[in-house]
1. Looking only at residues in region A:51-97 that are of a type in the set (A, V, I, L, M), out of contact with any Phe, Trp or Tyr (no Cβ under 7 Å at 6 or more places or on another chain) and over 21 Å from A:Leu180 (Cα atoms), which one is surrounded by the most Cβ atoms within 10 Å (Cβ to Cβ)?
2. May I ask you to say which residue of A:Ile142, A:Ile103, A:Ile178, A:Ile146 is among the β-branched types (Val, Ile, Thr), closer than 29 Å to A:Gly10 by Cα and surrounded by fewer than 22 Cβ atoms within 10 Å (Cβ to Cβ)?
3. Residues of region A:1-58 being part of a helix (DSSP H, G or I) and β-branched (Val, Ile, Thr), which ones?
4. So B:Cys17 clears everything in (1) modelled with pLDDT of 95 or more; (2) buried (at least 17 other Cβ atoms within 10 Å of the Cβ) except one condition, right? Which one?
5. Taking into account only those residues within region A:1-20 that are at the interface with another protein chain (Cβ under 10 Å from one of its Cβ atoms) and either aliphatic (A, V, I, L, M) or closer than 30 Å to B:Tyr76 by Cβ (or both), which is surrounded by the fewest Cβ atoms within 10 Å (Cβ to Cβ)?
6. Does region B:49-72 include one or more residues that are touching a Cys at 6+ places or on another chain (Cβ under 7 Å) and either modelled with pLDDT under 95 or surrounded by fewer than 19 Cβ atoms within 10 Å (Cβ to Cβ) (or both)?
7. Mind checking whether some residue in region A:85-103 is among the basic types (Lys, Arg), touching a residue at least 24 places away in the same chain (Cβ under 8 Å), away from chain B (no Cβ under 14 Å) and at negative phi?
8. Just give me the residues in region B:14-42 being free of Cβ contacts under 8 Å to residues at least 12 places away in the same chain, within 19 Å of A:Leu62 (Cα to Cα) and at the interface with another protein chain (Cβ under 8 Å from one of its Cβ atoms), in sequence order.
Amino acid sequence: MITKKELPPGDFGIWVIIYVEFVTFAALFIGYAFARRADVAMFNESQLLLDQKSGFINTLVLITSSWFVVKAVQAIKKNNSKLSSDWLLRAMGVGSIFIVVKIMEFLDKFEQGINLSTNTFFMFYLMLTVFHFLHVILGLIILFNIYKKTKLGGYSDKDHIGMETGASYWHLVDLLWIVLFPLVYIMR
Amino acid sequence: MKIYLTLVSLTIFAFLCGWLELVSSTIIVILLITTFIKGQLIIDHFMGLKNVQFKYRIIPILWLSIVLIFIGVAYYT
């Protein structure tokens, strides 16, 4: 029989932060969808200027990195710090690809003279993706700190709440992108 | 591994819909449903909420549902 745990994994404080992020991104996602109704043709034309391949690669990157973090948590639950830190290193390595791809995408848009005031679509595109990009950077910093502590044997099968806290944040970053990708890059 | 492969497969499906310009009203509904499935898999299996108390699990599920329903309404009405 499966026993229900009292609380979600990690420190409860991170879940308060996650819920706040949910509200913030919900406002942006829904705002984008309803703003589109005012000028569907302009949104569709502007969307064609986005590189769907970049969005696709970054989705695969975040899913893979998130999965590696799951493996890291599983490894520490078996008290295997070495394996856990290896998975975290892989998660950071793959996660870093997101940063590179996104910077290239942003540079491409800026070279085309696209900015926040270009039109409503690009205002939402830049707000959503830059805001999410900052979350990815913070997530990678958190993963790096967890990696360092894991390397030093700071987590064990009995004490790994810190790792679960960071992992929960990284999965949030993944979850937000899962909604962002089809909404901004695909649906028209 | 099964969860990961499902997420990758649904992502490839979404990409192909855009890449092959197959997006239509029907496809948008399918994309919203597949996005819900992907989100649900992340919430349950990556975030590890599958076996926590229902009141904690339901918050991200409700968030995902409300966001996708509003997006659907905005695209259809």
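The values are calculated or read from the model by the stated rules, or taken from the named source; none is laboratory data. Predicted, not measured: the structure shown is a model, and the values here were computed from it. Cβ atoms come from the backbone with ideal geometry, glycine included; neighbour counts cover every protein chain shown.
1. Within region A:51-97, the match that is surrounded by the most Cβ atoms within 10 Å (Cβ to Cβ) is A:Val73.
2. Exactly one residue qualifies, and that residue is A:Ile142.
3. If the condition is that a residue be part of a helix (DSSP H, G or I) and β-branched (Val, Ile, Thr), then A:Ile14, A:Val16, A:Ile17, A:Ile18, A:Val20, A:Val23, A:Thr24, A:Ile30, A:Val40, A:Ile57 are the ones that fit.
4. (1)
5. Only one residue tops the list, namely A:Ile2.
6. No, region B:49-72 has no match at all.
7. Within region A:85-103 (the criterion being among the basic types (Lys, Arg), touching a residue at least 24 places away in the same chain (Cβ under 8 Å), away from chain B (no Cβ under 14 Å) and at negative phi), the answer is yes, since at least one residue qualifies.
8. Answer for region B:14-42, where residues must be free of Cβ contacts under 8 Å to residues at least 12 places away in the same chain, within 19 Å of A:Leu62 (Cα to Cα) and at the interface with another protein chain (Cβ under 8 Å from one of its Cβ atoms): just B:Phe15.
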